[in-house]
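Here's the structure we're looking at; comments come further down.
We did not get these values from a lab; they are worked out from the coordinates using the rules stated. None of these values were measured; they are calculated from a predicted model. Neighbour counts are summed over all protein chains in view; Cβ atoms, including those assigned to glycine, are modelled from backbone coordinates with ideal geometry.
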């Protein structure tokens, strides 16, 4: 059971990502205003993926993950500092690192930080084809997801209120108008500037 993600790593203990806000919680947050609307699941999924794509990782829940990269490719995530190698995981809120291997051989002399930096101590010079693999756990616990759930609820609500951007229509004279919120990015997955500001602490940031 695994899932290759859009963000450069594999989730090893799940084959799908759940929405970050359940339909039951959405109904509670919106006082059942949209209860029974068949579009809710799609809107919540779109809003969840919008958050994940902006942040650059799965964000929630906490999941077991694996990241591998060869020094040959060096996509900005491995750097040598004196005798050590620094690995910038494509994640934030890293809670554990369970294993590190260099070309398949276990490496036990390392330390990690919550921001996704793993430092491998005293690594001898290696071939550019050397592959570093890090197994780790990352994700925000549900108890800290309040502000993100508010964003997802807000994006889904806007999409449900203005389906396909149509705010009004008439039959006889054939008149139609589009909501300003939709034309300015009102889809469930389209984040607004205030959303981006709120999500800044959850976004993966390269440090070298």
- [ ] Mind pulling the angle between the C-alpha long axis of helix 40-55 and the longest principal axis of the chain? Nearest 10 degrees, somewhere in 0 to 90.
- [x] 40 degrees
Open item on the list: Past the 22 angstrom mark, what percentage of all C-alpha to C-alpha distances in the chain do you count?
Closed with: 56 percent
TODO: Under 1.5 on a/c is rounded, so check that first for the range 1-112, then, if it is not, pick prolate when a/b is larger than b/c and oblate when it is not; a ≥ b ≥ c are the square roots of the alpha carbon gyration tensor eigenvalues.
DONE: prolate
TODO: Would you please put 34-41, 122-129, 195-202, 62-69 in order of how densely packed they are, using the mean number of other Cβ atoms within 10 angstrom per residue and starting with the highest?
DONE: 62-69, 195-202, 34-41, 122-129
Task: Principal-axis tilt of helix 146-161 within the chain, Cα atoms, nearest 10 degrees - done: 40 degrees
TODO: Express the relative contact order of the range 1-105 as a whole percentage, based on alpha carbon pairs under 8 Å and six or more residues apart in sequence.
DONE: 27 percent
Task: Residue-span extension gain [residue 3 to residue 131] - 0.36 nm each, minus C-alpha spacing - done: 44.1 nm
Open item on the list: So for each of 103-109, 18-24 I average, over its residues, the number of other beta carbons within 10 Å; can you give me the resulting order with the highest mean first?
Closed with: 18-24, 103-109
Open item on the list: Tell me the mean residue ellipticity at 222 nm calculated for the chain from its helices only (DSSP H runs of n ≥ 4, each -39500 (n - 2.57), averaged over every residue, nearest 500).
Closed with: -7000 deg cm²/dmol
Open item on the list: How high is the relative contact order of the range 63-138? Use alpha-carbon pairs under 8 Å, at least six apart in sequence, and give a whole percent.
Closed with: 47 percent
TODO: Please report the relative contact order for the chain, taking Cα pairs under 8 Å with a sequence separation of at least 6, and give it as a percent rounded to a whole number.
DONE: 25 percent
Task: Virtual paramagnetic centre 7 Å along Cα→Cβ of residue 14, amide N under 15 Å, in the range 27-47 - done: 45-47
